[in-house]
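Colleague: Here it is, the structure, as structure tokens.
Computed from the coordinates by the stated procedures, all read-outs in this text should not be read as laboratory data. These figures come from a predicted structure and were not determined experimentally. Here the Cβ is made from the backbone with ideal geometry for all residues, glycine too, and neighbour counts use every protein chain on show.
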Amino acid sequence: MLRTWHRPLVVFGGLMAVLIPVALLGLLIDDRTLVNSPIWLKPLKFAVSLAIYAFTLAWLLTFLKRFQRVGWWAGTILATAGALEMVVIVGQVVRGKRSHFNFETPLDTTLFSIMGSTIVVLWVTHAIVAVLLWRTKIENEALAWSIRLGLLISFLGLGVGFLMTQPKPGQALDGGTLGAHTVGAPDGGAYMAITGWSTEHGDLRVGHFVGMHALQVLPVLIALLGSRATTKLAWVASGSFLGIFLLVTWQALRGQSLVQPDSTTLLTLAGIVIATALGVVWAREPKKELVDA
């Protein structure tokens with residue numbers, strides 16, 4: 001099956017899969033920490049996320065019936081950009097340095113600039129793939145819309161990364177760091193196990209992660225529903241997912257931790273849940289059959 005998928009993306013995904021046990025081994029034998037976190041945690045999280053992302057896009061590109069060459073080049077450039085970003089991340093881990101937001105030395109500045117460029121390239125090529133697939137006819141309409149809307153939401157999720165690069169209050173370039181994941185405090189405070197997300201302040205990585213992986217969650221959900229899946233359900237599920245993505249991003253921008261929601265956040269979440277439930281009822285409503293007079 002993999003032989004028919006986009007080969008450069010499959011290779012990239014395979015390399016990320018190989019990096020996962022390497023990073024796990026690093027967590028076991030390397031006791032260094034960086035910004036109050038095990039130094040190999042970032043490569044591990046990126047490897048898992050990018051492996052899933054790469055294999056998903058490699059599969060999606062098989063649906064293209066037109067502009068296949070454009071799709072191939074977009075996927076190839078995306079895989080190359082992702083690989084270059086991971087080289088910088090792992091290289092900085094070996095050096096014991098931050099890969100993100102690091103302006104301590106000319107070398108660190110150059111490496112982060114390279115990463116910034118790869119992120120822009122990845123974002124643009126993702127958009128190209130999204131446009132191509134929006135224009136592609138897929139026989140299963142419910143799956144087609146889950147893919148199209150998943151690509152759109154993941155595009156927005158990838159874009160959250162740009163918010164992290166903005167200077168935070170009190171930061172100056174001569175401090176060596178510009179930009180942060182955390183909103184309301186410096187990076188490096190108390191964090192959740194595995195994800196590393198802040199438990200005390202806002203964390204933009206939540207929205208980045210949730211939005212980016214709409215591309216997997218929505219098609220898988222529709223696939224699991226099988227014959228019960230309809231175009232309406234695809235739209236309802238996508239709308240609900242978009243609402244959750246916007247909520248956690250808004251929550252982070254307000255400096256609020258995912259695990260410490262206030263009443264406004266909870267009320268908004270309740271509204272999304274109710275709207276989703278009503279949407280499911282609407283989507284599953286049987287068509288009224290015309291009765292002969």
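Colleague: Can you pull out the helices (runs of 4 or more DSSP H) entirely within region 180-293 that have at least 1 residues that are β-branched (V, I, T) and free of Cβ contacts under 8 Å to residues at least 40 places away in the same chain?
Modeller: Helices (runs of 4 or more DSSP H) meeting the threshold: 214-225, 231-253, 263-284.
Colleague: Would you confirm, using the coordinates I've provided, whether V18 is free of Cβ contacts under 8 Å to residues at least 12 places away in the same chain and either assigned to a helix (DSSP H, G or I) or touching a Phe, Trp or Tyr at 6+ places or on another chain (Cβ under 9 Å) (or both)?
Modeller: Values: free of Cβ contacts under 8 Å to residues at least 12 places away in the same chain: yes; either assigned to a helix (DSSP H, G or I) or touching a Phe, Trp or Tyr at 6+ places or on another chain (Cβ under 9 Å) (or both): yes.
When the stated conditions are applied, V18 passes them.
Colleague: Taking the residues in region 91-107 that are part of a helix (DSSP H, G or I) and surrounded by fewer than 19 Cβ atoms within 10 Å (Cβ to Cβ) as candidates, determine which candidate is nearest to the chain's Cα centre (by Cα). Can you show your working first?
Modeller: Here is the first cut: in region 91-107, the residues part of a helix (DSSP H, G or I) are 91-95, 106-107.
Keeping just the survivors that are surrounded by fewer than 19 Cβ atoms within 10 Å (Cβ to Cβ) gives 91, 94-95, 106-107.
Details: G91: 22, V94: 25, R95: 26, P106: 29, L107: 28 Å.
Looking at the filtered set, the residue picked out is G91.
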